[in-house]
Amino acid sequence: MEFVIAVIFLITSYLSGYLLTVRFFPSFRSLLRIASAYILGTLMSVWLVLVLSLILYRFTEEAMSVGFTLTTAFLLVFTVHQRTFFKAPLGLRPSHVIFFIIAFLYSWILFSSTFDYDEKLHEIKIAGLIWSDYGFHLPLIRSFSLGNNLSLEHPLYAHESIRYHFLFDFMLGVQEKMGIPLDYALNIPSALFWTCLLISIYYLSKKLFFDSRFVGFVSVVLFLLNSSLSFVEFIKKYPPASLGSLLSSWWNLPGYVAFGPWDGNIISIFWNWNIYINQRHLAFGYSLVLIVLVHYIDEHIRGEVRTTYSQKAFLGLITGLLVLWHSQAFICLFGLLVLFLLLFSDRKKSLVAIIIALVVALPQILWL
């Protein structure tokens, strides 16, 4: 029964995000709406589970399960009540479907190859390059799924509160508690977040440069490629005798070519994909930042939408709710809101977004 509730939760969470996207980002179409729906639905639904769980924690030890079930019921009612927004045209093309499938399959291979769970041996398998981060994340996830850590105590330090943006780990923990296997609870959202990030990059670039699909695809490709001079280090370490040996060395690369600053190299390790593989919630945070950027492009550069006070209030709300998902992404997005206040003429509406973002974010910041 719990697994069924979890599946209904995932479906209604996405559908709720879709309805919110149509309501507050009406200019979004096709893949951009699909990506925004998943990001917004996840943001709002997991926050609701946390709030209800914290409220119910005083009354029952099953607070997370009850909060998760109540959230699922609320999302179901909300989806049915707001179903008229589903009539908005999506404008999805076959090429969009192909792009999404390729992006998701690639993302799934990327993330599932670094984290897995052996059901027969009951062993967690972690790639050697991410063990350091998961030495923290796994205890935190399991403190929610196997424990009842609604006191929000650090799993590795007694009587110490969590000082880290933990909502992604909370989401995984409560989903595992509801019957979703840990590897699927971790890898499916990770792959979808990464897919949403690629879609957001594509549409941001496309809208900035006169609807050029070429610019959009090139932006995605350049994002996926390493932007440093680590290829020089690679050739030094693995001097190629032939093209075949070069490709073999690249395909079987055992670790990072550059590990700066820890190996004394001036090329940072953070130019690699490891920052997204180790911190699975980073792609989520950046996706939300880019989605808001695309909205401002549609509003102020392309002139496709006139934003109301309710839309600005919603922008402030989702900005403030980002703190416990990824605090650095919140800093980026809040800074952009302040910049938009200075750049654009609708300062009263922009001020509404900033005030609401501060009201929502400040208690979280003070607690962290």
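The values are calculated or read from the model by the stated rules, or taken from the named source; none is laboratory data. The structure presented is a predicted model; accordingly, all values stated were derived computationally and were not measured. Cβ placement follows ideal geometry from the backbone for every residue including glycine, while neighbour counts extend to all protein chains displayed. To get the accessible areas, we keep the full protein, side chains included, count just its heavy atoms, and leave off ligands, DNA and RNA. Shrake-Rupley method; radii C 1.70, N 1.55, O 1.52, S 1.80 Å.
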TODO: Could you grab the pairs with beta carbons closer than 7 Å, sequence gap of 6+ or different chains, first residue in region 34-50 and closer than 23 Å to F100 by Cα and in contact (Cβ under 8 Å) with a residue 60 or more places away in the chain, second one open to solvent by 10 Å² or more (accessible area, probe 1.4 Å) and not in a helix (DSSP H, G or I)?
DONE: L43/L321
Task: Members of region 283-310 that are open to solvent by 10 Å² or more (accessible area, probe 1.4 Å) and either in contact with a strand residue (DSSP E or B) (Cβ under 6 Å, 6 or more places away or on another chain) or more than 21 Å from L208 (Cβ to Cβ) (or both) - done: T308, Y309, S310
Open item on the list: Against the definition (closer than 30 Å to Y309 by Cβ and open to solvent by less than 70 Å² (accessible area, probe 1.4 Å)), how does T12 come out, yes or no?
Closed with: yes
Task: The listed residue being in contact (Cβ under 8 Å) with a residue 40 or more places away in the chain, surrounded by fewer than 18 Cβ atoms within 10 Å (Cβ to Cβ) and either charged (D, E, K, R) or in a loop (DSSP other than H, G, I, E, B) (or both), out of G264, G179 - done: G179
TODO: Determine, yes or no, whether L20 is open to solvent by 10 Å² or more (accessible area, probe 1.4 Å), touching a Leu at 6+ places or on another chain (Cβ under 6 Å), modelled with pLDDT of 95 or more and assigned to a helix (DSSP H, G or I).
DONE: yes
TODO: Would you confirm whether any residue within region 155-163 is crowded, with 18+ Cβ neighbours inside 10 Å and out of contact with any Pro (no Cβ under 9 Å at 6 or more places or on another chain)?
DONE: no
TODO: Could you tell me whether any residue of region 128-147 is in contact with a helix residue (DSSP H, G or I) (Cβ under 7 Å, 6 or more places away or on another chain), open to solvent by less than 30 Å² (accessible area, probe 1.4 Å), under 19 Å from L50 (Cβ atoms) and β-branched (V, I, T)?
DONE: yes
Open item on the list: Six or more apart or on different chains, Cβ atoms under 9 Å: show the pairs whose first residue is in region 236-257 and touching a residue at least 24 places away in the same chain (Cβ under 8 Å) and whose second is assigned to a loop (DSSP other than H, G, I, E, B) and open to solvent by 50 Å² or more (accessible area, probe 1.4 Å).
Closed with: G255/G128; G255/L129; Y256/L129; Y256/D263; V257/N226; V257/Y238
Task: Residue match in region 71-91 (condition: at pLDDT below 90 and either part of a helix (DSSP H, G or I) or touching a helix residue (DSSP H, G or I) at 6+ places or on another chain (Cβ under 8 Å) (or both)) - done: yes
